[in-house]
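Working notes, structure below.
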Amino acid sequence: MSKIEIGSIDPEKVREKLIKAYPPKVARKRAQQIVINQIGEDETVPEILANTRTTPGILTQRGCSYAGCKGVVLGPTRDILNITHGPIGCGFYSWLTRRNQTKPVDETDQNFMTYCFSTDMQEEEIIFGGEKKLKQAIREAYAIFKPKAIGIFATCPVGLIGDDIHAVAREMKAELGINIFGFSCEGYKGVSQSAGHHIANNQLFKHVIGNKTIVDNHPFKINILGEYNIGGDAFVIEDILEKCGIKLMSTFSGNSTYEGFETAHNADLNCVMCHRSINYVADMIEKKYGVPWIKVNFIGAKSTAKSLRKIAEYFDNAELMERVEEVIAEEMAAVKKVQDDVKSRTNGKTSMLFVGGSRAHHYQDLFTEIGMKTVAAGYEFAHRDDYEGRKVLPDVKVDADSRNIEELTVEAHPLEYNPRRSTEQLTVLESKGFTLHDYKGMMPEMEEKALIIDDISQHETERLLEIYKPDIFCAGIKEKYIIQKSGVPCLQLHSYDYGGPFAGFKGAIMFYKTVDRMTSTKVWSYIKAPWQKNGKPLIEAVYVKS
Ligand code: CFM
């Protein structure tokens, strides 16, 4: 494949080309969802249209609300018994074994992630109602597994026929004496899996977080919010924190437990990784219990170091700061060695990232560390604040699809609200440039003229591949084979294929090596058969009719 000179490509022309194929009304909408990055004063970036319905007929990367709620947020928790109320396919396809990594402490620690629980609704329940079957399923699951808690997840037909999963949950809770709660996360709610995140956040907050108050005098107690242990990432982060002497109370929700959620409000700081999926919980815990949150990122060696320093700075403890510096120095030595070696081959290569609601941003740091340039990126379902930063929140239009999702009103807990930092302490921190509850978004950190595309379509993906011929394209399983057929390697950032972990320092090394292998192999140049290359057939034949 001949190399394309990226600098010679005019992103404005690319944008026109992408939009040209659509009928006028669709084109007008897509035009607002495809922008060329420009960074103005005070890190202001162009406005992008996001979190809006995908036009029917366009092949989107998006999933559904149920996927965001059950699959993403609750999926990685090992000891809540999650029952999908619906046809079996919903339960099966959200039972993603690759993602469900967890480490039970010992043999008595419950782990239900190897099971897929579903009411397996049939035509009879669709017609006459499925509440009876749901109750039976809960009783049966309880009798066999004796879980501490059961979650019920509604799929599309449940909402359509009007089964009241919350009434069932209340009744079964009273009958069995364990915590049982439902999620009205029917796939059609909202415009993407983002709605499912919000629903999951709300129900966890209403039914689980804060249920158990404990006394723990560890001086540095934190939660990580928005880390889902893909490919073992959470394990790497847990190790780093332990080395630094920081106590991880709970993670939402990689390698997590029910008790971790119940006690999360006892931590003194919430560290938000994936802002999109969990910012609601972070805000609500702060309002009710006074635990502030900061944005962190453990993807990329530099970002990991920066995040650790930020945590240490928040606790304002010299010993912790020193320990953090030691850990960083120790880990960075190995990182640097691989970085330098890999960079000799990857420097100047290009990447594109089209995934989810936070990774398209976070993983750019890893590419930058090995000298690669991100020429285009976008989220599947993120909102404007994930692109442009939280400062745009007051201007974000709330449409009917978002209004559909309950917005909880949270007040300070009469007894347990305890602001972890005084106003004076916060002022001192802020004067040092420390930012609390803020996320600057992806666009201010990207280069000028990079293409930013929200909810990219299959058509647009194919055009980008043709025009830019990037050295690597990060996406998911639905896009992977189209990308590879065009002669470009595809790294799955949702599941990491069979690779990873990619978080922290050790994960960064793994990522550099993976990308090095993928972009250095010659296999992609063989994607075209010899007879396709020079434009004319090797053998010609004439059909002779006898
Ligand atoms: Fe957050 Fe995620 Fe992501 Fe996400 Fe996801 Fe995911 Fe993702 Mo797939 S919570 S937004 S809904 S980081 S499942 S673990 S990889 S699309 S970028």
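No lab work stands behind these numbers, since they all come straight from the coordinates. In this text the structure is predicted, and so the values were computed from the model without any measurement. Glycine also receives a Cβ, built like all others from the backbone with ideal geometry; neighbour counts cover every protein chain displayed.
With the condition being away from the ligand (no atom under 16 Å from the Cβ) and aromatic (Phe, Trp, Tyr), I'd like the helices (runs of 4 or more DSSP H) fully within the range 298-415 carrying at least 1 qualifying residues.
Qualifying helices (runs of 4 or more DSSP H): 301-315.
Scanning the range 66-90 for residues that are more than 16 Å from the ligand (Cβ to nearest atom), over 17 Å from residue 160 (Cβ atoms) and assigned to a strand (DSSP E or B) yields a count of 3.
Across the range 478-498, the qualifying residues are those that are of a type in the set (Lys, Arg) and within 18 Å of residue 378 (Cα to Cα), and the one among them that is farthest from the ligand (Cβ to nearest atom) is 480. Only residues that are in contact (Cβ under 8 Å) with a residue 40 or more places away in the chain and among the basic types (Lys, Arg) were counted in the range 392-445, giving 4.
Can you tell me which of 243, 247, 288, 310 is charged (D, E, K, R), touching a helix residue (DSSP H, G or I) at 6+ places or on another chain (Cβ under 9 Å) and farther than 18 Å from residue 418 by Cβ? Even if it seems obvious, please write down each step before you answer.
Numbers: 247 fails: farther than 18 Å from residue 418 by Cβ; 288 fails: farther than 18 Å from residue 418 by Cβ; 310 fails: touching a helix residue (DSSP H, G or I) at 6+ places or on another chain (Cβ under 9 Å).
Of the residues listed, the single one that is charged (D, E, K, R), touching a helix residue (DSSP H, G or I) at 6+ places or on another chain (Cβ under 9 Å) and farther than 18 Å from residue 418 by Cβ is 243.
Of all residues in the range 259-276, those being among the aliphatic types (A, V, I, L, M) and closer than 27 Å to residue 355 by Cα number 2. Every condition in (1) crowded, with 23+ Cβ neighbours inside 10 Å; (2) touching a Ser or Thr at 6+ places or on another chain (Cβ under 7 Å); (3) more than 28 Å from residue 224 (Cβ to Cβ) is met by residue 515 except one, and the failing one is (3).
Of all the numbered requirements in (1) crowded, with 23+ Cβ neighbours inside 10 Å; (2) over 21 Å from residue 183 (Cα atoms); (3) of a type outside the set (Lys, Arg); (4) within 16 Å of the ligand (Cβ to nearest atom), residue 54 misses one, and that requirement is (1).
Which of the following residues is touching a Cys at 6+ places or on another chain (Cβ under 7 Å) and in contact (Cβ under 8 Å) with a residue 60 or more places away in the chain: 232, 254, 226?
Values: 232 fails: touching a Cys at 6+ places or on another chain (Cβ under 7 Å); 254 fails: touching a Cys at 6+ places or on another chain (Cβ under 7 Å).
None of the other options fit; the residue is 226.
Note on the range 31-65: residues that are assigned to a loop (DSSP other than H, G, I, E, B) and among the charged types (D, E, K, R) amount to 3.
Suppose we filter the range 85-144 for residues that are of a type in the set (Ser, Thr, Tyr), touching a Leu at 6+ places or on another chain (Cβ under 7 Å) and buried (at least 20 other Cβ atoms within 10 Å of the Cβ); how many remain? Explain how you work it out, then say what you get.
Let us first name the residues in the range 85-144 that are of a type in the set (Ser, Thr, Tyr), namely 93-94, 97, 102, 108, 114-115, 118-119, 142.
Filter once more, keeping what is touching a Leu at 6+ places or on another chain (Cβ under 7 Å): 119, 142.
After this cut, where a residue has to be buried (at least 20 other Cβ atoms within 10 Å of the Cβ) as well, the list is 119.
Selection size over the range 85-144: 1.
Among residues of the range 174-214 being more than 23 Å from residue 275 (Cα to Cα) and of a type in the set (A, V, I, L, M), the one that is surrounded by the most Cβ atoms within 10 Å (Cβ to Cβ) is 180. Quick check: anything in the range 28-50 under 24 Å from residue 477 (Cβ atoms) and within 16 Å of the ligand (Cβ to nearest atom)? Within the range 28-50 (the criterion being under 24 Å from residue 477 (Cβ atoms) and within 16 Å of the ligand (Cβ to nearest atom)), the answer is yes, since at least one residue qualifies.
Which residue is surrounded by the most Cβ atoms within 10 Å (Cβ to Cβ), if the candidates are limited to the range 260-288 and must be more than 16 Å from the ligand (Cβ to nearest atom) and assigned to a loop (DSSP other than H, G, I, E, B)? The extreme case among them is 267.
In the set (1) within 13 Å of the ligand (Cβ to nearest atom); (2) over 27 Å from residue 339 (Cβ atoms); (3) of a type in the set (Gly, Ala, Ser), residue 254 fails one condition alone, (2).
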